[in-house]
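For reference, the structure discussed in these notes is given below.
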Amino acid sequence: MVWILPRARRACGLRSLAVAACATTVVAQAPYQVATVAEADAFATETGGYLLAIPGVADDLQLFADGQFEQRANGTARLTAFVRRQSAIDREFFLELEFAGRLDPQSPGHPPAGSPVTTLLPAAYAPLGPADPTQYVYFTQVTGSLVGLRTYGGARILATAAAPVQMGVGANNKNVAMGLAANLALQIVQQPVLAPLAPTGPAQLRATLRQALGHCASHVDADPAYAPNPGRACANMPGLAADYLFLPAGEWTENPDGTARLQGLLRRQNDYADRWLCDLQCAGRVDPGHPAHPPSGSPVLQLLQGAYAPQGGPIDPAAWRYYTFATGTLVGDGGNAGGRIALANSGAVQVGLGAAQGNLFFGAMGSFTPTVVSQPTGRTIAPTGDVALQWNLGTACILPPAQVLTGQNQTLPTVTELPAVYTGTDLGFCEQVAVGTWIIASQDPRRWFDGWLHVVDHQTVRVHLPQTFPAGTHPVMLLTRSGGTAQMTLQTQPPAVPTLRTEDSILPGQTQHWVVHQGHLQGPVLTYLLLSGSDLPSLLPGLISLGIGNQFQELLVVPGLLHDPVTGLLVVPVNGMSPVFLGTRLFSQAAMIELLSQNPLPLPTSGVWSTQY
């Protein structure tokens, strides 16, 4: 992602006139920006950061979704943001503000009385620093509201300007990025149902204005308090299936030019081989205040009537925005390889609080006419209606908790190809595993040495531990993008017998690891690594018995190496396997000598393991 501000600063340097030109350029080139948390930088006189602070209520409201800041050609602006407390994520507001009375640097009355407010360190300001308050833009009028959600549910608060709003480089008084600062006088119209709010002063909005901010796109679980029908929705493709989800979660990005893009892997919850790569491009953005808002046929309202503002609910469809043009593709993967479906919207894509028509999260929804461009190689598909897409949106993913039902206490050898197997509900959302202080994130089986995770289906996860993992008792959690399972226990112990393992398959250029454990053998142990293209045995009665080598005629012997005296392990890595092995299979075995044994013969050996190149 490229942000306008750093590029502008590099081009313009730190001179005040240049910074003014840059700030003006940023505003002019970005009718849509994202108001994010203004984090304190080295120029700040205070620490931390927030998007909204309400004295006496919450001083840590962060952006959880939306944050769109629209600057209109008529000099007005609009900001909407779904905010939640960092320290208590069940306390949320939906913020909607309208700005007017714009004063540019050349406008009469600029700057307004009491402005600018400058609290950064002196080095932040021109001529030494990048911030030039003489170039700030102001809005002297603000009207808007905060609607309480979750624990704040039922709250209705009106907001007006307590002082002029300032916008520009350093204007948020938190950092020297492009930013915005507003102090808002609040009037409580209606208290929350659960507990009253008692603000002790104006709310403080402190935003860094960014060019764009990707949001996590996930499925929609129906909330029975707002949705008439229970269930889970994301992509319903009539004629194919109705249980496609973003697995893993996708990404939605709204761009400063008024376009947007949705990307992700749609996978059936009940058939992980049924997959489509979704790429959707949206344009023709229509916001509240636009003459064409809402578009014909919009909004689509499928929630209970009590969910909507006209009936006293928290969701106001009048605040939604729309994309009137959308095209995209579904490219087949897995069992759908070779398939391709073109999508074109049959109605406007709606975006906003509750717009996904399932719950009280920020989200989006659209319907699309499918055209089969090419059939999957392994089957024939025949869509019978429009594809319906619904997705939740958040700066953090909105996912149900994954729950493990079996596998809470398992025991594995420290050298093994065997996984720990867990079954449960919604385990398909797991993307990482924490085992002690180790994080296993790869889902590539060729990462056997470092450990890897295999999400078999939506109910089953297999965890392959790193091969140098220490023996002992370890806490385990399966992790999704929004949390983790309850903590479990995994016991690891040394193999009881001499053991060799290596990668099942290797690509040219990758590193291969032979991991050998001495098992029950005592004292210092010297191991010879034996390699062969033949799995025919090699026997010397009373000395050694091997399962490879074709009676020693096809046997490569790696000189003896000592095991670690503490762990009993020996690791033999070979970096960058040569392409000459491509298409072959290599068999491996270890022969060991107990150096202090008075009867070392016949030599103990491990079992045979093989690798396909």
Using the per-residue mean of other Cβ atoms lying within 10 Å as a proxy for protection, in what order, highest first, do the peptides 334-344, 214-224 fall?
214-224, 334-344
For the range 20-161, report the convex hull volume of the alpha-carbon atoms normalised per residue, in Å³, without decimals.
127
Rounded to the nearest whole number, the Stokes-Einstein translational diffusion coefficient of the range 296-455 at 20 °C and 1.002 mPa s (Kirkwood radius, C-alpha pairs) in µm²/s is 109
Using a 1.4 Å probe on heavy atoms of the protein chains only, the accessible area for GLU251 in Å², nearest 10, reads 90
Can you compute the helix-only [θ] at 222 nm over the chain? Use -39500 (n - 2.57) per DSSP H run of at least 4 residues, normalise by all residues, nearest 500 deg cm²/dmol.
-1000 deg cm²/dmol
So how compact is the range 216-368: Cα radius of gyration and Dmax in angstrom?
15.6, 50
Obtain the radius of gyration and the Kirkwood radius of the range 515-606 from its C-alpha atoms and give Rg over Rh.
0.99
For the range 110-219, projected area of the alpha-carbon convex hull averaged over all directions, nm²
9.4
Keeping all protein chains in place, calculate the accessible area per residue for the chain (probe 1.4 angstrom), answer in Å².
41
Quick one: what are the phi-derived ³J(HN,Hα) couplings along the range 365-381, Karplus 6.51/-1.76/1.60 with θ = phi - 60°, whole Hz, x for glycine and proline?
7, x, 10, 9, 7, x, 10, 6, 7, 8, 7, x, 5, x, 7, 10, 10
I'd like the distance separating the alpha-carbon centroids of the range 320-391 and the range 150-180, in whole Å.
36
Compactness index (Cα Rg / 2.2 N^0.38 Å), the chain
1.22
Ranked output for segments 551-557, 244-250 by mean other Cβ atoms within 10 Å, highest leading, reads 244-250, 551-557
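The values are calculated or read from the model by the stated rules, or taken from the named source; none is laboratory data. Remember, predicted model here, so these are calculated numbers, not experimental data. Backbone-built Cβ (ideal geometry, glycine too); neighbour counts: all protein chains shown. Keep in mind that these areas ignore ligands, DNA and RNA; they rest on the heavy atoms of the full protein, side chains included. Shrake-Rupley method; radii C 1.70, N 1.55, O 1.52, S 1.80 Å.
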